[in-house]
Amino acid sequence: MGKLTAKQVENLTEPGTYEDGDGLRLFVKPTGRKTWVLRFQLNGKRREMGLGSYPLLDLKKARAAAYENRIQILKGNDPLAKRQAEQTAKKEAERREKAQLITFEMLANDYRDAHGSSWSEKWRKGWCRKLELYAFPYLGKLSADVIDTKQVLKALQPIWSTKTRTADEVRGQIEQILDAAKSRGLRTGENPARWRGHLENLLSRNEKKKARKRIHHPALAWQELPELMQALRSVPNAASLAAQLLILTGARSHMVRFAQWDEFDLESGRWSLPAERMKTRQSFAIPLAPEVVKLVKGISLVRVRSPYLFPGNGRSGVMHANGIRSLLHKLGYEHITRHGFRSTFRDWAGETTAFPREICELALAHDERGETESAYSRSDFFDKRKELMNAWAKYATSPPKQLTYK
């Protein structure tokens, strides 16, 4: 029945296609490798199905394999689709087996190790402690692929009404860890810890809103800021430069302390912070006014071998958490806090400029838009915020006697 013989198959070296009959053919590649292929037609479509390589599959075995598949084809079955389904099932079984060996607690530690290098020691401890207290008792020993909405709710519901802010932070942590697990192929499907369109329908949104009410920190009156900035410029040290960067960008203290050189694009005037460095857990870009670009370039002139703008000798590798506060106290500003400068900026923007409220809030990484509105309006209004931050830097670095914005 066949056109090939065992001896021919053994001796073939010329690259090409050699027919054996009934759709069975041998491919000889330029490398000398030989493979068997079955060509068939099913439902009007021509298909090709690899059977295996020679000599593992000799002529006799290749004909037997072709015969078995032709029987399936005559019955109307697609052997290629069947094999692909079997391979998919096998891969899924292997994935599940692998996933079951890795617990949620192990995944959390992996996430911390992957992202925690830019976190402060205090933030890292707090991040781990919240999981230990509220997530691990319910999810710690489970594999990522078996964690569902019911189990996430078991962890969140006991503290949602009494510790809503903490509960929402834990929810965000669970979501991040499960997203990372999905990226590693350790789970499939939607994330059961996602808020929008999911947990917001199962947990009270009013509690979440109440928990997000902001704490007001003692702040400097905006009319007094130019005088402070002048005093800071007279102190040529890292704490002073960090304080000026903090004020001129409206950033939070930990954002400045852990600022890294590769986050800054001084040519375009942009400071890009990744999601893991933001309180909101969403990436954010801060526009840099010309005064800030000049400030950062001045820091680079005395740059040491460190990824950070403000390196330190402690375990965190960055400036001490109290560096800016200690400097403010030395300058006679014991009555204000570092975080209060954000309020100073917000008061100045609201009282002296015509920028919309939404732009002023976005400059502080506060998204005041409702969930529906922000879902449709995805812009971060970078150019508008740049205009605002340019005006702020110009005012902040103006002579102290110039106490009004123009």
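Would you mind putting 150-159, 193-202 in packing order, based on average other-beta-carbon counts within 10 Å, highest first? Please report the intermediate quantities before stating the final value.
Numbers: 150-159: 17.0, 193-202: 15.5.
Result, highest mean first: 150-159, 193-202.
Could you point to the label whose value was computed as Rg and Dmax of the Cα atoms in Å for the structure here, given [x] 28.3, 94; [y] 26.3, 90; [z] 31.7, 104?
Only one listed value fits the structure, namely [z].
State to the nearest 20 debye the size of the charge dipole of the chain about its Cα centre, where the only charges are +1 on K and R beta carbons and -1 on D and E beta carbons. Could the numbers behind the result be given before it?
Working: 72 positive and 47 negative charges, 109 e Å.
Once rounded to the nearest 20, the dipole reads 520 debye.
Excluding residues on the same chain fewer than 8 positions from residue 34, give the lysines whose Cα lies under 18 Å from its Cα.
3, 7, 60, 61
Show which aspartates and glutamates lie in cross-link reach of residue 45 when reach means a straight Cα distance below 14 angstrom and same-chain residues fewer than eight apart are skipped.
Reachable aspartates and glutamates: 78.
Could you point to the residue in 133, 116, 15 farthest towards the positive end of the stretch 1-145's charge dipole, with +1 and -1 charges on the Cβ of Lys/Arg and Asp/Glu respectively?
Farthest towards the positive pole: 15.
Express in whole angstrom the spacing between the alpha-carbon centres of the stretch 126-158 and the stretch 86-124.
14 Å
Every number in this text was worked out from the coordinates using simple rules, so none of it is lab data. Predicted, not measured: the structure shown is a model, and the values here were computed from it. Here the Cβ is made from the backbone with ideal geometry for all residues, glycine too, and neighbour counts use every protein chain on show.
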